[in-house]
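Below: the structure, in structure tokens.
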Amino acid sequence: MKNIFLLLLVITIASCSKQQDPFEWSKDRVGHLTKEMMVYQLDSLYANDSLVKNIKGDEFSNGPSSIEVYEKGGKHLLTLTPLEEDSTSTIEYIRIRDNRFKTLDGITIESDFKTISAAYPVSSIDNMIKDAVVRVNDQNFYYTVDKELLPSEVRFDMSATIEKTMIPDTAQPKYVFVSW
């Protein structure tokens, strides 16, 4: 009797468990990919998709080669950068390329600055050559905004401080990265 009760309890719990959204993006996961997964696990994780492993072949290439994930049919989903050039390495950076990936707050790569900063307060803005890198509080993602959208006084001066008020509310990210 105890075994039947235990079996029914396990079946009930298993049937109630939420299935992972393949396009959910959070602090510790992007779809089915988690920060603990290793490069050698990608083939089985993306068995129904296509993986393209770029091989760096010159002396000017630094760091590990990127791995691109394409959906069957050709849609570019993600670009993964391992921590090291080793099959047991974990993924360090993920560039989100598909607008179906979204956070629990509904943020996608097509969300504008106003929407993103309302959901995730900005912690810092770095002034780079062509872009402003916007980092958010308590999250493992950051995004870039093209400096062409910013006032001219910061557009050409890399030492200038970029304030949140200088970024137009309608500015969309140029790139979105998750970093673990």
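The values are calculated or read from the model by the stated rules, or taken from the named source; none is laboratory data. Source: prediction; values computed, not measured. Note: ideal-geometry Cβ built from the backbone for every residue, glycine included; neighbour counts use all protein chains shown. Note: accessible area is taken over every heavy atom of the protein model, side chains too, but ligands, DNA and RNA are not part of it. Shrake-Rupley method; radii C 1.70, N 1.55, O 1.52, S 1.80 Å.
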Expressed in nm to one decimal, what extension gain is obtained for the pair Asn54 and Glu163 from 0.36 nm per residue of sequence separation less their Cα-Cα distance?
35.6 nm
Heavy atoms only, probe 1.4 angstrom, no DNA, RNA or ligands counted: give me Thr144, Thr170 ranked by accessible area, highest first.
Thr170, Thr144
Carbon and sulfur %, accessible surface of the chain computed with the full protein complex present, 1.4 Å:
53 percent
Sorted list, accessible surface of protein heavy atoms, 1.4 Å probe, largest first, for Glu84, Glu68 is Glu84, Glu68
Give the angle, between 0 and 90 degrees and rounded to the nearest 10, that separates the Cα long axis of helix 2-16 from the longest principal axis of the Cα atoms of the chain.
30 degrees
Calculate one ³J(HN,Hα) per residue across region 120-129 by plugging θ = phi - 60° into the Karplus curve 6.51 cos²θ - 1.76 cosθ + 1.60, and present them in order as whole Hz with x for glycine and proline.
9, x, 6, 9, 6, 10, 9, 8, 10, 4
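Under a Cβ-only charge scheme (Lys and Arg +1, Asp and Glu -1), can you give me the dipole magnitude of the chain about the Cα centre, in debye to the nearest 20?
Details: 20 positive and 27 negative charges, 130 e Å.
I would put it at about 620 debye.
List the trypsin sites (Lys or Arg not before Pro) within region 100-167 that DSSP assigns to loop and that have no more than 11 neighbouring Cβ atoms inside 10 Å.
Of the trypsin sites (Lys or Arg not before Pro), the ones in loops of region 100-167 whose Cβ has at most 11 other Cβ atoms within 10 Å are Lys130.
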Computed over region 49-180, Cα set: Rg, Dmax in Å:
16.2, 46
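Region 97-150: Rg/Rh from Cα coordinates, Kirkwood Rh? Walk me through the numbers on the way to the answer.
On the way: Rg = 11.1 Å, Rh = 11.7 Å.
With Rh from the inverse mean 1/r over Cα pairs, Rg/Rh is 0.95.
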With every protein chain present, what is the per residue accessible area of region 30-180 (1.4 Å probe, Å²)?
55 Å²
